[in-house]
Structures are given as C-alpha cells and as structure tokens.
C-alpha cells in the first residue's frame, strides 16, 4: 500500500487519530486551504489551557485527519468538541458533510476510492484511520 503521510516520528502507537471522510474529493485549492486550516487549528489546539501535541492534514483529498500525541497531554471532552466545531466549520465552508459516518475510503485497484459502508461488502476495505495507525506502528 502507498504511504499516506509524513507524520513526525514522535507520533507513536499511543497517539489518537480522528478521521472525517467527506462525500466528495476536494480540488487542489480546497485541499491547500483545508491543510492550512488543519495546521492552524492543531498549532493552537489546547485542552484545559495546555497545548496539544497534534498535527492535521488532508488524506487523499477526501478525509480530514487530526493526530494527537497523547503521551504527555490527553485530549479532554472539551478539546474533542473543538475538533468537531472546527471540522463542521470547515465542512460548511467547503460544502462537504464530514459527519456522514457511512462514508469510507477503500483501497481498490491500487487507489483509494470513496465508498459507502455496507455490512455485506465483499471486497477488502481499509479505513484511512487503520492505514494511519498502521504507519505509526
């Protein structure tokens, strides 16, 4: 499988990953904007006044990903609410719903493809979150 990101080495197996998959691919301009928004968010993201050690990026033009190294500071309920607020705000700006939980990305014919979850799916599916975690281990 192709590598999906260049995460800093300090993001190990104890990190937490949030993946929000949209119903359509972002174009180049949207992807650049979304990456900038995610970087800005993670650089200022805090929990109870403590900075989170986090990173954010767009995966395959479909998913917004936030990774937090919780070895030092762990995300709280309030800080996770901030993620949801940020992603909803970005989705509204982009015209993409990132909270449709049935959207998945599958590795099919050597490429990532948008799909809808089906319990009867017979082809091999790999979620973006699984792929990110696999790279970390």
Study note, to complete from the structure: residue 72 passes all but one of the listed conditions (1) assigned to a loop (DSSP other than H, G, I, E, B); (2) more than 26 Å from residue 113 (Cβ to Cβ); (3) in contact (Cβ under 8 Å) with a residue 24 or more places away in the chain; the exception is number (3)
Review point. If you go through region 72-80 one residue at a time, do you hit one that is under 16 Å from residue 38 (Cβ atoms) and under 14 Å from the mean Cα position of the chain (by Cα)?
Key: yes
Study note, to complete from the structure: Per the filter on region 92-108, residues under 15 Å from residue 34 (Cβ atoms), in contact with a strand residue (DSSP E or B) (Cβ under 9 Å, 6 or more places away or on another chain) and surrounded by fewer than 19 Cβ atoms within 10 Å (Cβ to Cβ) are 97
Exercise for review: May I ask you to list the residues in region 24-43 that are within 20 Å of residue 72 (Cα to Cα) and either assigned to a strand (DSSP E or B) or in contact with a helix residue (DSSP H, G or I) (Cβ under 8 Å, 6 or more places away or on another chain) (or both)?
Suggested key: 41
Study note, to complete from the structure: Taking region 111-123 and the residues there that are surrounded by fewer than 12 Cβ atoms within 10 Å (Cβ to Cβ) and over 27 Å from residue 11 (Cα atoms), the one that is modelled with the highest pLDDT would be 116
Review point. Is it the case that region 100-110 has a residue that's over 26 Å from residue 14 (Cα atoms), modelled with pLDDT of 80 or more and in a helix (DSSP H, G or I)?
Key: no
**Study point:** Complete set of residues in region 47-75 that are surrounded by 14 or more Cβ atoms within 10 Å (Cβ to Cβ) and out of contact with any strand residue (DSSP E or B) (no Cβ under 8 Å at 6 or more places or on another chain)
**Key:** 47, 61
**Study point:** Residue in region 44-55 that is part of a strand (DSSP E or B), in contact with a helix residue (DSSP H, G or I) (Cβ under 7 Å, 6 or more places away or on another chain), modelled with pLDDT of 85 or more and at negative phi present
**Key:** yes
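A quick yes/no check of all residues on (1) over 26 Å from residue 113 (Cβ atoms); (2) touching a strand residue (DSSP E or B) at 6+ places or on another chain (Cβ under 8 Å):
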{"position": "18", "(1), (2)": "no, yes"}
{"position": "22", "(1), (2)": "no, yes"}
{"position": "29", "(1), (2)": "no, no"}
{"position": "39", "(1), (2)": "yes, yes"}
{"position": "77", "(1), (2)": "yes, no"}
{"position": "88", "(1), (2)": "no, no"}
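The values are calculated or read from the model by the stated rules, or taken from the named source; none is laboratory data. In this text, all values refer to a predicted model and were calculated from it rather than measured experimentally. Here the Cβ is made from the backbone with ideal geometry for all residues, glycine too, and neighbour counts use every protein chain on show.
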